1. Out of segment 206-227, which residues are surrounded by fewer than 16 Cβ atoms within 10 Å (Cβ to Cβ) and modelled with pLDDT of 95 or more?
2. Residue check, residue 94 against (1) buried (at least 19 other Cβ atoms within 10 Å of the Cβ); (2) in a helix (DSSP H, G or I); (3) at pLDDT 95 or above, all met but one. Which one?
3. How many residues are free of Cβ contacts under 8 Å to residues at least 40 places away in the same chain and within 26 Å of residue 242 (Cβ to Cβ) if we restrict to segment 330-364?
4. Would a scan of segment 183-193 turn up a residue that is assigned to a helix (DSSP H, G or I), out of contact with any Leu (no Cβ under 7 Å at 6 or more places or on another chain) and surrounded by 12 or more Cβ atoms within 10 Å (Cβ to Cβ)?
5. How many residues, within segment 246-282, are in a helix (DSSP H, G or I) and farther than 18 Å from residue 336 by Cα?
6. Just to check your reading of the model, which residue among 128, 103, 58 is out of contact with any Pro (no Cβ under 6 Å at 6 or more places or on another chain) and closer than 27 Å to residue 213 by Cβ?
7. Could you list, in sequence order, all residues of segment 42-58 that are outside any loop (DSSP other than H, G, I, E, B), surrounded by 19 or more Cβ atoms within 10 Å (Cβ to Cβ) and not charged (D, E, K, R)?
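The values are calculated or read from the model by the stated rules, or taken from the named source; none is laboratory data. Bear in mind the structure is a predicted one, so any value in this text is a computation, not a measurement. Cβ: placed from backbone, ideal geometry, glycine included. Neighbour counts: every protein chain shown.
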Amino acid sequence: MRQRKTLFIHVGHYKTGTTALQVFLGNNARKLRRHGLDYTDLCQHHQKHSMYAFALYRAARVKTLMHGYNNPTDPETLWGRLFEAVEASASDRVMISTEEFMRLGAYPAAAERLGAIIDGVRDQLDFRIIAYLRSPDAHLRSWYNQMVKMGATTGDYNHAVQQGMEPVHSDYALALKPWVEIFGAEAVIVRPYHEKMRENGGLFRDFLPLLGFDYDKPPGLSSWSAPQEDVNPRMDDRLLELSRALKLAEVPNNVAPWVVKRAGEMLERQDAEIASGAQSFEAVIRTVEQGLDGLADLPGSAVDIAAFKADLPRAEVPWRAELGLVLATLLREQNLQRESIHKRMVELRDRVAALEARLEGRDS
């Protein structure tokens, strides 16, 4: 009797190392295939399988965050080809991955469409759904960072959380609901994600055992091919409001990235100065306290030491520094534009003067 095959569907969530996992799976596809797991090439683009999700959303008439997707193929056809590829694969386990799947809970019509598709193959295939979730505040702030980085038009963080994000970002039960209802709770694997997993292969060590592999003991004698750098780097949070302001001001897309880049370089210089030996703010506070202690025994001092210690220096709240960065950068850009216009005006004035001199010479 032929062994039933298993289709693994990695559904995200967003900002849980999905791109790193997809790059890892793509880089190691041959090794994985030789040992029973086929990270299929079918409908794979940039090492992910977003077409299977987008086809469902397109059929459900979703318009937002479709990233230009306009493939007219209906989801039944696309998924049917996938099931045929699973059956034809030499591997007993096949996998697809895209964080776009995590949006399914926001669109019941798309979920209903997938449920009907799966009903047709339940007696032929087993399914395993893999999801990662990070703590809610960390997730929302990371997704806000990603929205701004992608150039989405959005309000500030509070507004984005309240109105600018799909509900699956704040309601994890909703995000997982269609996967539980379609495939059954026993088929859904949910793992916690945190930033520390980005270090020393932590995410891969957590993920690979779900597929029957060991990161520290790769099959065969060779090692895994892991990404050597962050494949989806986070924008510096201090640049978020600047980037958002440029978008709201409708600064052209070919200009705004350069403004953000120059601001980032300014921050890098500032951070380098601090790292080169400047004392921390906490060290400044300790120095102030020690200085006050040194006044305590002065017989002629009327200073209330306790009152002064109740009003020790406090580091500025981050948003003030970010606001200062936004203002400084925009004023700098304005000054650069002014200087450029002034230079151009001087050039034009000199050309006009030269032309007038030539014309006057002809008249004479």
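1. Across segment 206-227, the qualifying residues are 209, 210.
2. (2)
3. Residues meeting the conditions: 11.
4. yes
5. Taking segment 246-282 as the starting set, the residues that turn out to be in a helix (DSSP H, G or I) are 246-248, 256-275, 281-282.
Restricting the remaining residues to those that are farther than 18 Å from residue 336 by Cα gives 247-248, 267-275, 281-282.
Qualifying residue count for the region: 13.
6. The conditions single out 128.
7. 50, 51, 52, 53, 54, 55, 56, 57
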